[in-house]
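To start, the structure itself, in structure tokens.
The values are calculated or read from the model by the stated rules, or taken from the named source; none is laboratory data. The shown structure was predicted, so the numbers you read here are calculated from the model rather than taken from an experiment. Counting neighbours? That spans all protein chains shown, and the Cβs are built from the backbone with ideal geometry, glycine included. Heavy atoms of the whole protein, side chains included, go into the accessibility calculation; ligands, DNA and RNA do not. Shrake-Rupley method; radii C 1.70, N 1.55, O 1.52, S 1.80 Å.
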Amino acid sequence: MVSESKASVTNATGTCCGTAPKLIFSCSGAADVGKIADLAARKLTAEGVGRMFCLAGIGGRVSGIMASTGAAQAILVIDGCPLDCAKNTLEKANFVQVEHIRLSDLGLARGKSPVTDETVDKVVAEGKRRLAMV
């Protein structure tokens, strides 16, 4: 569960401002939709919307990553396909208050979604919309 605490930590742009960052975790699977999810998370980070964070660190229960995630203002999870691997990884670590994007819900299907600026931007737009709500 995301902590209610708004500890003074580095925000999405790397500056200390007294509020916790919005963290972004993405699928980076082998399929086209995994690559789209990963690229969308990187673009959201580059645009200062949030900060991409290490999903493997959650799976490995790395203490610093777990603590930073617990202090996050918001968590966005981007899954490439309906298996929801990224979301399930966070849930198994007790992070259940997340905004979740599943690319298949946006009309993108594994093996049928070319990795283009247009497909990445579609996911980025949805990520911005979701993070603006928190």
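Provide a single number: the residues in segment 101-114 that are open to solvent by less than 60 Å² (accessible area, probe 1.4 Å) and either aromatic (F, W, Y) or part of a loop (DSSP other than H, G, I, E, B) (or both).
Final tally of qualifying residues: 3.
Of the residues R61, R51, R42, only one is in contact with a strand residue (DSSP E or B) (Cβ under 8 Å, 6 or more places away or on another chain), within 22 Å of N94 (Cα to Cα) and at pLDDT 95 or above; which? Show your work before the answer.
Numbers: R61 fails: in contact with a strand residue (DSSP E or B) (Cβ under 8 Å, 6 or more places away or on another chain); R42 fails: within 22 Å of N94 (Cα to Cα).
Sole residue among the options that is in contact with a strand residue (DSSP E or B) (Cβ under 8 Å, 6 or more places away or on another chain), within 22 Å of N94 (Cα to Cα) and at pLDDT 95 or above: R51.
Criterion first (surrounded by 13 or more Cβ atoms within 10 Å (Cβ to Cβ), touching a Lys or Arg at 6+ places or on another chain (Cβ under 6 Å) and at pLDDT 95 or above) does E91 satisfy it?
Against the criterion (surrounded by 13 or more Cβ atoms within 10 Å (Cβ to Cβ), touching a Lys or Arg at 6+ places or on another chain (Cβ under 6 Å) and at pLDDT 95 or above), E91 does not qualify.
Based on this model, can you work out whether R42 counts as surrounded by fewer than 20 Cβ atoms within 10 Å (Cβ to Cβ), in contact with a Cys (Cβ under 9 Å, 6 or more places away or on another chain) and closer than 15 Å to C27 by Cα?
Numbers: surrounded by fewer than 20 Cβ atoms within 10 Å (Cβ to Cβ): yes; in contact with a Cys (Cβ under 9 Å, 6 or more places away or on another chain): no; closer than 15 Å to C27 by Cα: yes.
It is false that R42 is surrounded by fewer than 20 Cβ atoms within 10 Å (Cβ to Cβ), in contact with a Cys (Cβ under 9 Å, 6 or more places away or on another chain) and closer than 15 Å to C27 by Cα.
Could you run through segment 65-88 and say how many residues are farther than 18 Å from G127 by Cβ and open to solvent by less than 40 Å² (accessible area, probe 1.4 Å)?
Residues flagged as farther than 18 Å from G127 by Cβ and open to solvent by less than 40 Å² (accessible area, probe 1.4 Å) within segment 65-88 amount to 3.
Can you pull out the residues in segment 115-134 that are of a type in the set (S, T, Y) and either in contact with a Phe, Trp or Tyr (Cβ under 8 Å, 6 or more places away or on another chain) or surrounded by fewer than 16 Cβ atoms within 10 Å (Cβ to Cβ) (or both)? Quick ask: steps written out before the conclusion?
From segment 115-134, those of a type in the set (S, T, Y) are 116, 119; that's our starting set.
Listed by number, the list holds a single entry, T116.
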